[in-house]
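K.L.:
To start, I am sharing the structure in question, which I have written as structure tokens.
The values are calculated or read from the model by the stated rules, or taken from the named source; none is laboratory data. Keep in mind that what you see is a predicted model, and the values were worked out from it rather than measured. Neighbour counts run over all protein chains shown; Cβ positions are idealised from the backbone, glycine included. Protein only, heavy atoms only, side chains kept; ligands, DNA and RNA dropped before computing areas. Shrake-Rupley method; radii C 1.70, N 1.55, O 1.52, S 1.80 Å.
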Amino acid sequence: MTVAGLGREPFLRGMRGADLARLATAARAARFPEGRRILTESAPAERFWLIRSGVVAVDLRLPDGGTTVVDTLGPGAVLGWSWMLRPHEWRFGAVARTPVEAVEFDGRLVRALCAMDPSLGYELTRRFAEVMAERLHAARLRLIEASLRGAGR
């Protein structure tokens, strides 16, 4: 993956060239066919993706053994942040709803790069925290809507 290519990704836009160059060493192109499980809840989390095309359904296991979709991600979205946080296990699952093209990052290598360059670590942590806050807000709104529908409003 080229530095220029990474710099065009919405999640990385505006990042310093030196940081993009470091991240490029951990990046590669990835493709997932429709129906492919990308993440399995509780499995080791050592990667993350920037979705370039396609749709990914983020899901959660239910007590009855099924799953429920909690979010849907498309082009420009980031998939996966559990690689950053101990115990480095996926907290959700994800399935390609359509064919997906993405930039895949080796989370172990990115963690090592961040340890060597704390400014890169701060920048990525800040960006991932913004994504997490946006998704938490969206989940909150979905819960409120579901509650209102359940109350017959």
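K.L.:
Arg47 is checked against (1) open to solvent by less than 80 Å² (accessible area, probe 1.4 Å); (2) of a type outside the set (Ser, Thr, Tyr); (3) in contact with a helix residue (DSSP H, G or I) (Cβ under 7 Å, 6 or more places away or on another chain) and fails just one. What number does that condition carry?
P.N.:
(1)
K.L.:
What are the residues in segment 52-72 that are at positive phi and without any contact (Cβ under 8 Å) to a residue 40 or more places away in the chain, if any?
P.N.:
Step one: list which residues in segment 52-72 are at positive phi, which gives 54, 65.
Once the filter is applied, which keeps residues that are at positive phi and without any contact (Cβ under 8 Å) to a residue 40 or more places away in the chain, segment 52-72 yields only Gly65.
K.L.:
Test Arg13 against the criterion of being in contact with a Gly (Cβ under 9 Å, 6 or more places away or on another chain), open to solvent by 60 Å² or more (accessible area, probe 1.4 Å), of a type in the set (D, E, K, R) and closer than 16 Å to Asp106 by Cβ, and give yes or no.
P.N.:
Values: in contact with a Gly (Cβ under 9 Å, 6 or more places away or on another chain): yes; open to solvent by 60 Å² or more (accessible area, probe 1.4 Å): yes; of a type in the set (D, E, K, R): yes; closer than 16 Å to Asp106 by Cβ: no.
No; evaluated as a whole, the condition is false for this residue.
K.L.:
Same structure, new question: Restricting attention to segment 55-62, does a residue exist that is open to solvent by 20 Å² or more (accessible area, probe 1.4 Å), modelled with pLDDT under 95, under 22 Å from Leu141 (Cβ atoms) and more than 14 Å from the chain's Cα centre (by Cα)?
P.N.:
yes
K.L.:
If you scan segment 21-44, which residues turn out to be surrounded by fewer than 19 Cβ atoms within 10 Å (Cβ to Cβ), part of a strand (DSSP E or B) and not charged (D, E, K, R)?
P.N.:
Ala29, Ala30, Pro44
K.L.:
Next up: Take segment 141-153 and flag every residue that is modelled with pLDDT of 85 or more and either closer than 24 Å to Gly76 by Cβ or exposed (fewer than 10 other Cβ atoms within 10 Å of the Cβ) (or both).
P.N.:
So the first thing to find is which residues in segment 141-153 are modelled with pLDDT of 85 or more, and the list is 141, 144, 148.
Scanning segment 141-153 gives a single hit, Leu141.
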